[in-house]
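Report on the structure given below.
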Amino acid sequence: MNDEQQQLLTDLEKDHTDITKGFTDYWRNHSSFDTWQFWLHVMFLLVPLVILYFKIDRKKALLIGFFGFNVHVWFTYIDTFGAKLGFWSYPFQLMPTITVSLGLDVSFIPVIFMLLYQWVINHDKNYYVYFAGLCLFISFILKPLLSMFDLFILDNGANYLHILIGYLVVMCLSKWITNLFVYFEKGSKV
C-alpha cells in the first residue's frame, strides 16, 4: 500500500469513527430506552420470533428457516445499501451502530415472509402472486405508515416504488436460491 492510499484509509477510518460516535450520541439523546420508538423496535424484533416459534411447521422448519434466512440477508443488504447511500433512513434504532431497522431486517419482515411461504407451500398456491401482494402491502401501506410516525424517512429522490422493487428483488432471490438448494438436496439423494 502506498503512502497516499494509507493516508486516505486512515482518514476514512477516522471519519467513520467520528460518524459512529455521532450516531451513538444521537441514539442516546433521541432513540434510547426512554422512547416509545425504541420499545416498538424491540417488539418488531421479539414478537415475530415468538409467533414464529408457535406457528412454524416443524416438519418443514429447515426449508422455511433457510428461506427466511435468505430474506433476512437480502433485505439487510438492500436496506443497508439504501441507507448508506442516503435514499432512506431510520431515525430510531435498537442499536446506535446499526443504522438500519434491526427489528424489521432481522425479524419482522423475514418472519412475515416465512409464514406466507409456509402457507403458500402447504396450500399449493402461486408463490409469485401472493408474495407480490405482500410486497405491495409492505411498500405502499406499511412503509408509509412507518413514515407517518417518523420511523422511516425517504430521501434523495427515493420513493415507495423503489421500495417495492427492492422487496420484489428479495422475493425472487430468496425463492430462487431456496429452490436451488432444494434441487441440490433432492439431486444428491438420487
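The values are calculated or read from the model by the stated rules, or taken from the named source; none is laboratory data. No experiment lies behind these values; they were computed from the predicted model shown. Every residue, glycine as well, gets a Cβ built from its backbone with ideal geometry; the counts of neighbours run over all protein chains shown. Ligands, DNA and RNA are excluded from the accessible area calculation, which covers all protein heavy atoms including side chains. Shrake-Rupley method; radii C 1.70, N 1.55, O 1.52, S 1.80 Å.
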Next item on the list: Give me the percent of the accessible area of the chain that comes from carbon and sulfur atoms, probe 1.4 Å, all protein chains in place.
Entry: 69 percent
Check: Using Cα pairs under 8 angstrom and six or more residues apart, how large is the relative contact order of segment 11-115, in percent?
Finding: 42 percent
Item checked: ³J(HN,Hα), Karplus 6.51/-1.76/1.60, whole Hz, each residue of segment 28-37, x for Gly, Pro -> 4, 8, 10, 9, 8, 4, 8, 10, 5, 5
Notebook entry, point to check: Just how far, in whole angstrom, is segment 156-177 from segment 109-154 if you go by their alpha carbon centroids?
Noted result: 11 Å
Checklist line | Accessible solvent surface per residue of the chain, calculated while the other protein chains remain in place, 1.4 angstrom probe, Å² | finding: 60 Å²
Notebook entry, point to check: What value, in deg cm²/dmol to 500, does the helix sum -39500 (n - 2.57) over DSSP H runs of n ≥ 4 give at 222 nm once divided by the residues of the chain?
Noted result: -23500 deg cm²/dmol
Next item on the list: Sort largest first and round to whole Å: the equivalent ellipsoid semi-axes of segment 44-190, each the square root of five times a Cα gyration tensor eigenvalue.
Entry: 28, 16, 15
Check: Is there a pair in K55/K175; K60/K175; K84/K143; K21/K143; K60/K125; K60/K143 whose C-alpha atoms are over 22 Å apart, and which pairs would that be?
Finding: K21/K143; K60/K143
Check: In terms of modelled amide H atoms, which long-range or inter-chain residues lie less than 5 Å from the amide H of F87?
Finding: none
Next item on the list: Using only alpha carbon pairs under 8 Å that are at least six residues apart, calculate the relative contact order of the chain and give it in whole percent.
Entry: 27 percent
Check: Distance in nm between label sites at F69 and L85, each 7 Å beyond Cα in the beta-carbon direction?
Finding: 2.8 nm
Checklist line | Local electrostatic count, T17, Cβ distance below 14 Å [Lys/Arg +1, Asp/Glu -1] | finding: -3
Check: When the Karplus curve 6.51 cos²θ - 1.76 cosθ + 1.60 is applied with θ = phi - 60°, which whole-Hz ³J(HN,Hα) does each residue of segment 93-106 get, with x for Gly and Pro?
Finding: 10, 6, 10, x, 8, 10, 8, 10, 7, 4, x, 6, 5, 8
Check: How far is helix 61-84 tilted off the main Cα axis of the chain, in degrees rounded to 10, range 0 to 90?
Finding: 30 degrees
